Amino acid sequence: MFNKNTSNRRIPRPIKGLFFLGVIVLFFLIVGNVIVYLWNEVLVEVTGFKTITFWQAIGLFVLCRILFGSFRFGSRGSHRWQKSRRVWKSKWMDMSEEERAEFKSKWRERCGKRNEH
């Protein structure tokens, strides 16, 4: 009933490239318009700044990404946390049962339970 060869078709590279380019353009259109709207609706009335155009909003977006962060999206802290978690997991797996029990008891002494008043 189903042809196995049709389910494994690959999308040609030029189509993938055009799709990726379209996503980037759509992203910048949305971000630019959101920045223009928020700037012109909030900052103009609150602070008295001048209104900005779409291209000025894109420029602000790029400038802020350069000054306050890179062009990587997503949180950077989660990568550090995941690396730390892997390190501690490997240490925990390398411990013997006695070392684990000693670690748990030291951790309880150090942190302790909350004193209920």
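Before moving on, here are some points about what is shown:
- Screening GLU41 against (1) of a type outside the set (A, V, I, L, M); (2) at pLDDT 90 or above; (3) within 30 Å of LYS104 (Cβ to Cβ) leaves a single unmet condition, (3).
- Close contacts from segment 33-61, counting a first residue that is among the hydrophobic types (A, V, I, L, M, F, W, C) and a second that is surrounded by 11 or more Cβ atoms within 10 Å (Cβ to Cβ) and not in a helix (DSSP H, G or I), with Cβ to Cβ under 7 Å and a gap of 6+ residues or different chains, come to VAL36/ILE52; TRP39/ILE52; LEU43/PHE49; VAL44/THR51.
- Condition met for VAL34 (modelled with pLDDT of 90 or more and assigned to a helix (DSSP H, G or I)): yes
The values are calculated or read from the model by the stated rules, or taken from the named source; none is laboratory data. Predicted, not measured: the structure shown is a model, and the values here were computed from it. Because the Cβ atoms are built from the backbone with ideal geometry, glycine has one as well, and the counts that use them run over all protein chains shown.
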